[in-house]
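The values are calculated or read from the model by the stated rules, or taken from the named source; none is laboratory data. Computed from a prediction, not measured in an experiment: that's the story for all the values here. For neighbour counting, all protein chains shown are included, and Cβ atoms are generated from backbone atoms with ideal geometry for every residue, glycine included.
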Amino acid sequence: MGGSRVIPTDVRIIAATNRDLAGAIASGTFRADLFYRLNVFPIRVPPLRNREEDIPMLVEYLVKRYAEKARKQISAIDKDTLKLCQSYPWPGNIRELQNIIERSVILCTGDTFWIDVEFSSALGRLAGRHTCNLTQSKENGMTNHVRPYEPLTSQNAAFPWSTLAIALVSATTLPIRADQARSTQGQSNTSTSKAGRTTQKTSLRWDVFLAPSIPAITSDLPPGEKQRPWPPISSTLISGERDAVLVDTPITVEQARALANWVVASGKNLTTIYASHGHGDHFFGTSTVLERFPNARFVARPEVIQIMRQQASPESLATFWNPRFPDQISSHLAIAEDLTGNVIDLEGHDLVSVPLGFTDTANTTCLHVPAIGLIVAGDAAYNGVHLHLSESPDQQKRQQWIAALDKMESLKPRAVIAGHKRVGNDDSPKILSETRRYIKAPLVRTLGSASASARSKTC
Ligand SMILES: [Zn+2]
């Protein structure tokens with residue numbers, strides 16, 4: 001607006017109203033020409049009472065939304081509440097449903113959602129009054145049956161939630177749910193707890209969120225080019241029955257919001273965020289994720305925190321990160337606190353922080369989950385994308401990186417998740433030998449850091 005240049009755009013305008021526009025045009029309160037411009041493809045949305053089958057999904061979605069807002073853990077919906085919602089005529093439509101749910105979530109104690117007594121009796125009365133209408137509609141050949149409802153904790157109920165949550169994510173950062181846990185090891189095994197009692201361990205699973213490649217603005221490029229794609233960045237969610245641990249977060253606020261939505265959609269309680277190493281592109285998003293999970297701890301090894309502080313310093317932000325991702329990085333970066341003891345507990349399972357020394361930068365680590373044979377490798381392993389070699393131009397540092405790969409291999413993992421991976425690649429442990437081959441390749445060894453990045457340009 002107000003510029004002298006024409007900026008081509010491709011937009012679709014969706015306008016909504018609950019007014020009688022024909023009447024408004026007739027009375028001169030709505031411009032007829034505007035109406036004809038907008039009225040290309042009218043969609044009539046029936047009132048809520050005429051689409052009772054949508055109510056369970058809407059209730060579920062709204063409960064989740066308001067539970068999150070109220071910071072409550074609600075994992076199931078009371079069946080009678082749902083029946084009530086389906087039989088009430090909702091004269092105020094979706095807004096009325098929304099308000100009643102918001103209010104009831106605030107009043108709700110425990111993990112099952114129900115509509116408070118005062119409201120439900122009012123709803124019940126109205127629903128009772130409405131019965132005759134329902135009978136009439138039955139006579140007109142419409143059915144009005146109340147279906148049994150699966151609690152949110154069941155597998156089936158997971159679907160609409162995640163679909164809805166993902167639908168709210170902006171199109172440019174659609175999360176790619178690249179992997180599902182395949183391991184069943186650790187399921188139902190028993191172990192003796194520290195207190196000496198035998199406890200039932202729950203099974204663990206892992207999922208990868210891949211923030212797709214985004215352009216980085218840089219002048220360090222062949223003539224005529226201004227930006228270089230930053231490779232996709234992975235974040236791994238390791239989850240038990242109820243709790244979850246997240247490893248690494250991407251760079252930008254937008255990527256981190258999409259990641260947070262994805263974690264919310266998992267329905268898990270995020271207890272911990274672990275940073276595998278100090279590179280900004282693996283932790284700058286953490287403060288944004290923590291806004292959604294304020295009770296989660298953000299932890300790293302002390303030597304990783306040292307690198308983090310350098311990366312988040314005003315100089316590093318001003319000279320490296322902000323020019324590449326202008327106005328995209330949070331202005332309040334979170335720095336991890338010391339992980340004491342090198343182990344994160346997840347429902348009785350050990351998630352072990354393993355120091356790896358120098359890989360693509362100093363003081364890197366991986367997170368090893370013996371129960372499911374998983375290694376979350378951070379930048380110590382790459383998967384289908386070029387390695388960042390400019391911090392390790394000499395043989396000595398490359399030898400350290402290779403030693404780190406050997407160390408991970410000795411843990412005999414069944415899955416290895418790289419900090420940067422190509423979309424669609426699986427997380428096979430073979431990426432360890434692929435990374436080793438890349439480092440040892442004669443082309444890389446003979447080229448300096450600048451040429452190594454130029455190589456990544458030309459491939
Ligand atoms: Zn990285």
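Values computed for the structure shown
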{"read-out": "Any hit, region 401-419, residues being under 27 Å from SER219 (Cα atoms), at pLDDT 95 or above, of a type outside the set (S, T, N, Q) and under 27 Å from the mean Cα position of the chain (by Cα)", "value": "yes"}
{"read-out": "Residue match in region 264-283 (condition: more than 21 Å from THR364 (Cβ to Cβ), in contact with a Ser or Thr (Cβ under 6 Å, 6 or more places away or on another chain) and not in a helix (DSSP H, G or I))", "value": "yes"}
{"read-out": "Condition check for GLY419: closer than 20 Å to LEU204 by Cβ, within 13 Å of the ligand (Cβ to nearest atom), of a type outside the set (Asp, Glu) and in contact with a Gly (Cβ under 7 Å, 6 or more places away or on another chain)", "value": "no"}
{"read-out": "Complete set of residues in region 78-109 that are farther than 27 Å from VAL289 by Cβ and not in a helix (DSSP H, G or I)", "value": "ASP78, TYR88, PRO89, TRP90, PRO91, GLY92, THR109"}
{"read-out": "Single residue of PRO355, PRO370, PRO393, PRO413 found to be crowded, with 23+ Cβ neighbours inside 10 Å and more than 15 Å from the ligand (Cβ to nearest atom)", "value": "PRO413"}
{"read-out": "Subset tally (residues that are in contact (Cβ under 8 Å) with a residue 40 or more places away in the chain and charged (D, E, K, R)) for region 343-369", "value": "2"}
{"read-out": "Qualifying residue in region 320-340 (condition: away from the ligand (no atom under 16 Å from the Cβ), farther than 19 Å from THR272 by Cα and in a strand (DSSP E or B))", "value": "no"}
{"read-out": "Selection count where residues are free of Cβ contacts under 8 Å to residues at least 60 places away in the same chain and more than 14 Å from the ligand (Cβ to nearest atom), scope region 373-382", "value": "1"}
{"read-out": "Residue ID - modelled with the lowest pLDDT, chosen from residues in region 33-57 that are surrounded by 10 or more Cβ atoms within 10 Å (Cβ to Cβ) and not in a helix (DSSP H, G or I)", "value": "VAL45"}
{"read-out": "Pairs, first small (Gly, Ala, Ser) in region 19-44, second in a helix (DSSP H, G or I), C-beta under 6 Å, six or more apart", "value": "ALA32/ILE25"}
{"read-out": "Residue within region 314-328 that is closer than 16 Å to PHE283 by Cβ and within 21 Å of the chain's Cα centre (by Cα) present", "value": "yes"}
{"read-out": "Residue under evaluation THR361, criteria (1) assigned to a loop (DSSP other than H, G, I, E, B); (2) away from the ligand (no atom under 15 Å from the Cβ); (3) touching a strand residue (DSSP E or B) at 6+ places or on another chain (Cβ under 8 Å), criterion not met", "value": "(2)"}
{"read-out": "Members of region 70-79 that are surrounded by fewer than 15 Cβ atoms within 10 Å (Cβ to Cβ) and either of a type in the set (A, V, I, L, M, F, W, C) or touching a helix residue (DSSP H, G or I) at 6+ places or on another chain (Cβ under 8 Å) (or both)", "value": "ALA70, GLN73"}
{"read-out": "Total residues in region 224-249, condition out of contact with any Leu (no Cβ under 9 Å at 6 or more places or on another chain), away from the ligand (no atom under 13 Å from the Cβ) and part of a strand (DSSP E or B)", "value": "1"}
{"read-out": "Qualifying residues in region 282-308 (those that are over 16 Å from the mean Cα position of the chain (by Cα) and within 16 Å of the ligand (Cβ to nearest atom)) - the one farthest from LEU346 (Cα to Cα)", "value": "ILE307"}
{"read-out": "Output for region 250-272, where each listed residue is within 16 Å of the ligand (Cβ to nearest atom) and over 18 Å from ALA380 (Cβ atoms)", "value": "ILE251, THR252, GLN255, ALA256, LEU259"}
